[in-house]
Structures are given as structure tokens and as C-alpha cells.
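Right, one structure below, let's go through it.
None of the figures in this text is laboratory data; all of them are computed from the coordinates on show. Since the structure is predicted, the reported quantities are computational estimates derived from the model, not experimental observations. FYI the Cβ positions are ideal-geometry reconstructions off the backbone, even for glycines, and counts take in every protein chain you see.
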Amino acid sequence: MISQLIWNNRFARLGENFYTRLQPQALPQPYWISRNQAVARELGLQDSWFESRDTLNALTGSGVLPGSEPLASVYSGHQFGQWAGQLGDGRAILLGELQTPSGSHEIQLKGAGKTPYSRMGDGRAVLRSSIREYLCSEAMHGLGIPTTRALALTGSDAKVLREEIETAAVVTRTAPSFIRFGHFEHFSYNDMHVELKALADFVIDNLYPACRAATNPYAALLEAVSERTAHLMAAWQSVGFCHGVMNTDNMSILGLTIDYGPFQFLDAFDPTHICNHSDTHGRYAYNKQPNIAYWNLFCLGQALLPLIGEQELALAALEPYKAIFPAALEAKMLAKLGLTESSPDNKALIESTFKLLAANKVDYTIFWRMLCSFTPNSGHEALRDLFFDRESFNAWALHYSELLAPESIGLEPDFRAKLMRKSNPKYVLRNHLGEQAIRAAKLKDFAPLIDLLEVLQTPFDEHPDHRALADLPPDWASSIEISCSS
Ligand code: AMP
Ligand code: MG
């Protein structure tokens, strides 16, 4: 059954300076927590594969998938603005790369045991953080945001020590590539320019083939990565997603959301919100993310400099980010508002909407979803109830009605609402929803997690049976503290 997998492990061909080969370490008496049929289908895996005991064992380190070539890759990075030196896959093990009907996908086990890059860590991931990664990567995909995916979540009662004793889990992740900015930084900072070039050529040939035709393919690569990252930041900001640990080792060369740790979707809109309890200075606050991404791209540019040659060229490759990010964010916000035209008036409305939401600490997701039913020049009572400053809301609603009017001529009344519901999700993975799924899972009840997964995979749909998952967070939600410890 397992032999149906077709492997072509291209990263492993890069050679031993890029990784250490090793076997995952077995977790005792593993069990399935959730199998993600959506990803299984994309990978062309048959149901029988997912039913098999051999598969369960292989995904928890006690068996080998024939054709896989397990390895832990080495990378470095800047953490919280400081050069941190060598990091690497401390608890992620790359099994290899699958050839599937939907293209090439690398398969990684997160939490499968110690590697030479584990430093002080135990190579494990706890159930709590694994559930958060599993759910959030699928939630992001459901929102249409580039991300690594999660094929399966498996667990064991093996004990793992964090602030308290918890149990172990493994997320089986997939992505076309798990290469990070930090992989480039590693070889650049260690003056390993042969490896640096091999890595850049690998990424260009396999992931960014259009860059090969450019006069300077490495500058073209930097520009292409910047462009993808700019779009990723626009997507994060528009849904109110805070990553929490935007270190350069957590930045994907493909512009994917990667490494879900202390992330959070905003409840009440607060641009200065810090979701990571360990981020005392707020370096990774919600409103800092776009600038931090640029800072990280600058680090990537510096790492690529030996290949690009001239500093001017590297700087020029980074420059478009400054225009692409705001344009991409504006496009997303216009769609959320049900507007199409990029006019000065509409831009000013986006600004004033953000200000009004911040001043009133309005729930970000609920506001946008309710806005879909906005009809110009009506009472807007339900929407207005979200604001304590009624006067400011009324002024805003009047202004919004005026801007909607010319764009509404000749439209069916419901047309805009339907369109807006495709840009304004009803469901996001709020902290308290993850927490509820975690609490149940700790008692071996995986049903809430599986229900939540299903809703988050199609977050723009109504899901009438699960309306409570779209409610305001309960009071206890504000006491949830998520840190880097996972
Ligand atoms: P993060 O910022 O959480 O993505 O992780 C930063 C670095 O720490 C990476 O090199 C991880 O592989 C490593 N790391 C995090 N947690 C563990 C752990 N429990 N065991 C080993 N390494 C870890
Ligand atoms: Mg990481």
C-alpha cells in the first residue's frame, strides 16, 4: 500500500553540507488524531494508504516509508533582530519529496525527535502546539493565504516536559519546499559560497524558473521572493493574522506562512496587538509585520549579495516591495469593502475604517462579515451596535454609503453582499477556538478539533450548525497566553 508513493528527493541531492541524514525517533503507541482528506486527495493518496497501520507508524517515527530519505536541514537566522547563528531543523525531519498529480510536495514530520540542530530542545512538539499548527495551516489555506499544509496529526501518550508535563504529537506537513531565508543566511555568513550558489540555483531551477532568463538571476530571485512576501503580508494584514515569530528562519522562500507558534487572529481590532507572550518589546506586533518582512528581505538580500554582485542591484530588487505591499493591501481592503475603484476617496475610506475600528476596539472578523449586509442609507442598527462611539460610526456609514452609491448603479441588491462574503470570512481560528479543541483533545475527544477543521477549511460559508464558532470570544479568551514554548 505504502509503495504507491513516488519519491524524487531533490533536496537530498544537494549534498551533505546542507543536512544531516537521520531516522525519526519512534513515539510509543501512536494514534491518529486527525487525517486531512483534503490534502490527501491533493497528493493523490488513496484511502487505503491513510487507513494503514504502516502509515501511522511511519508518520510517528517507528517505520520508514520506502523511498523516503529522512534528513534534518541546516539553516541559520536572525531572531528578534539579532544574528542567532546556526539553528536548523531541530525537530522537523524532511522525509523527502513526493511526485503527485498536483506537483511536487515535500513531506516533513514536525516533532519526530532530536536532530543535530536541536540545541537545548528535545526534538518534540506537544499536542497543544501541534493542534494549533494543524488547524491554522488549514485555516490559512481555506482563507486563500499561501501556507504550508498539514496532512495528518498523530499523537502518543509519551510525556513531554514544558512549563508542565504534556504529551507528544507530530504534524505531518507538506509544502513544495521548506527552504527558508535562513538557509541562505547560513551559507552566506559562513562564507560557503559554493553551497550558497548551489542553493540559489536549486531554488531558481526548481521553484522560480522564470528568474533564470534574467540578466542577473539572483537579483531576479530576490525580487520574486520580495513580491511573494509583499502579497503574503497584505493577506495577513487583511484578515488580522499575527504570526508572532517573524524571525528570518521562519520566512519561507516561497512566501508561504510557515512555523505556526504563538500566532493569533485579532479579536478586537488593535493595530499594536502583540500575540507572542515572549515578545516583550512588540517587535512582531500586528502593525509591524509588513516592515519586519521588509527587514527580513533585506537580510535575504545581504545573504545573496555574493551572488548578486552589486549592492545597487540588491537594493533595486527590494525596492518594488514598497509599492507592491500597499497596492496589494489596498486591493484586499477594497474587496472587503465591496468597492472596486482605487481612488483617493476610497483609499481615505480604508484609512478611516481602520482608525474607527481601532478607536472602538471592534471585533475585526465580525465587523467585516456584518458589513457584507450593509445597505446604503438604511439604519445599520446591528452594525452600529459594535461601536460605542455612535456619532463617529454614523459619519463613517454616511461616507461609506456615498462611496458605494456610484458603484451600485445597475447591480442586484444582493450582488455586492455575495461578493463581499467571499472576501470577508465568517470563521477564523480564534485563540479560544483552538483552546477548546485542545482541551477536548487532551481528554481524547477529537471531535471538536475535526468539526473545527471542517469549518475552517471553508471559512466563507455560513455553516449554520456551527454558528457559535463565529461568536465573540468569551471573557476567558483574553487570559490565554501563548509564548514561543511549544
Ligand atoms: P521556532 O522559532 O519556534 O520556529 O524555532 C527556532 C529554532 O528552535 C528552530 O531551529 C527549531 O527547530 C528549534 N526548536 C524549537 N523547538 C524545539 C524543540 N522542542 N526541540 C528542538 N529544537 C527546537
Ligand atoms: Mg522555526
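How high is the FRET efficiency from Phe354 to His466, r the C-beta distance, R0 41 Å, rounded to 0.05?
According to the calculation, E is roughly 0.90.
Quickly work out the Glu402-to-Cys484 label distance, labels modelled 7 Å from Cα along the C-beta direction, and quote it in nm with one decimal.
Going by the 7 Å Cα→Cβ label model, 5.0 nm.
At most 15 other C-beta atoms within 10 Å and a DSSP loop state: those are the exposed GluC sites (Glu not before Pro) I care about. Give me the longest piece of the chain that has none.
In the chain, the maximal stretch lacking such sites is 1-162.
In debye, nearest 20: dipole of the chain around its Cα centre with unit charges on the Cβ of K, R (+) and D, E (-)?
On the way: 42 positive and 54 negative charges, 134 e Å.
So the magnitude is around 640 debye.
Quick one: compute a quarter of the convex hull surface over the Cα atoms of the chain and quote it in nm².
Values: hull surface 93.3 nm².
Mean projected area of the Cα convex hull: 23.3 nm².
List the residues of the range 458-482 whose backbone N lies under 13 Å from a point placed 7 Å from the Cα of Phe388 along the Cα-to-Cβ direction.
Within reach of a label on Phe388, which here means backbone N under 13 Å from a point 7 Å along Cα→Cβ, the range 458-482 contributes nothing.
Only helical DSSP H runs with n ≥ 4 go in: add -39500 (n - 2.57) per run for the chain, normalise by residue count and round the 222 nm mean residue ellipticity to 500 deg cm²/dmol. The partial results should precede the final answer.
On the way: 17 runs with 206 residues, N = 486.
Calculated at 222 nm, the ellipticity per residue is -13000 deg cm²/dmol.
Running Debye on the range 391-474 with equal point scatterers at the Cα sites and no solvent, what base-10 log of I(q)/I(0) appears at q = 0.23 Å⁻¹?
Per q value, in the given order, log10 I(q)/I(0) is -1.08.
Treat the count of other C-beta atoms within 10 Å as a stand-in for reagent exposure and order Phe460, Phe446, Phe415, Phe178 from fewest to most.
Going from sparsest to densest Cβ surroundings: Phe415, Phe460, Phe446, Phe178.
By counting other Cβ atoms within 10 Å of each Cβ, how are Tyr31, Tyr284 ranked from fewest to most?
Ascending number of Cβ neighbours within 10 Å: Tyr31, Tyr284.
What is the diffusion coefficient of the range 339-421 in µm²/s, taking the Kirkwood radius over Cα pairs and the Stokes-Einstein relation at 20 °C with a viscosity of 1.002 mPa s?
Here the translational diffusion coefficient equals 162 µm²/s.
Suppose R0 equals 35 Å; then what is the FRET efficiency for Gln99 and Lys422 from their Cβ-Cβ distance, rounded to the nearest 0.05?
0.60
Return the sequence-ordered ³J(HN,Hα) values of the range 11-21 in whole Hz as given by the Karplus equation 6.51 cos²θ - 1.76 cosθ + 1.60 applied to θ = phi - 60°, using x for Gly and Pro.
Once rounded to whole Hz, the list reads 4, 4, 6, 5, x, 6, 6, 9, 6, 10, 6.
Would you mind getting me the FRET efficiency between Ala331 and Arg212? Use the beta-carbon distance for r and R0 = 25 Å, nearest 0.05.
0.30
Would any residue of the range 174-193 have its amide N under 18 Å from a label point 7 Å out along Cα→Cβ of Gln311? List them or say none.
189
Mind listing the Cα extents of the range 225-370 along all three principal axes, in Å, largest one first?
That works out to 51, 39, 22 Å along the principal axes.
Can you give me the relative contact order of the chain as a percent, contacts being Cα pairs under 8 Å and 6 or more apart?
Numbers: 913 pairs, mean separation 70.5, N = 486.
It comes to 15 percent, rounded to a whole number.
With N residues in the range 2-179, what two-decimal value do you get for its Cα radius of gyration over 2.2 N^0.38 Å?
0.99
Return Lys442, Lys110 ranked ascending by Cβ neighbour count within 10 Å, so the fewest neighbours appear first.
Values: Lys442 13, Lys110 24.
Ordered by Cβ neighbours within 10 Å, fewest first: Lys442, Lys110.
Provide the per-residue ³J(HN,Hα) series for the range 282-297, in order, calculated from phi with Karplus coefficients 6.51, -1.76, 1.60 and θ = phi - 60°, each as a whole number of Hz, with x at glycine and proline positions.
x, 4, 10, 4, 3, 6, 8, 4, x, 6, 5, 4, 5, 4, 5, 5
Grab the Cα-Cα distance for Asn17 and Trp295, subtract it from 0.36 nm times how many residues apart they are, and report the gain in nm with one decimal.
Result: 97.4 nm gained on full extension.
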